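Heads up: the structure comes next, in structure tokens.
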Amino acid sequence: MINNAGLANLPRTITVDGYETTFATNYLAAFLLANLLLDRLKWSAPARIVNVS
């Protein structure tokens, strides 16, 4: 799985959860997706998670 998200949001905005939008998109979304797919990735061994920034 390759995580590659990039957002530079000007002006600064906050999500409904209270996180800054750029942080939520660039970091939290990739973490959440990896956690949601973790069982499938383990089943697909040898699988890798690659984060691109």
Averaging sequence separations of C-alpha pairs under 8 Å and six or more residues apart, then dividing by the length of the chain, give the relative contact order as a whole percent. 53
Mean ellipticity per residue at 222 nm, deg cm²/dmol - from DSSP H runs of n ≥ 4 across the chain, formula -39500 (n - 2.57): -6500 deg cm²/dmol
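Readers should treat all values here as calculations from the given coordinates under stated rules, not as data from a laboratory. Just so we're clear, the structure is a prediction, and the values are computed from it rather than from any experiment.
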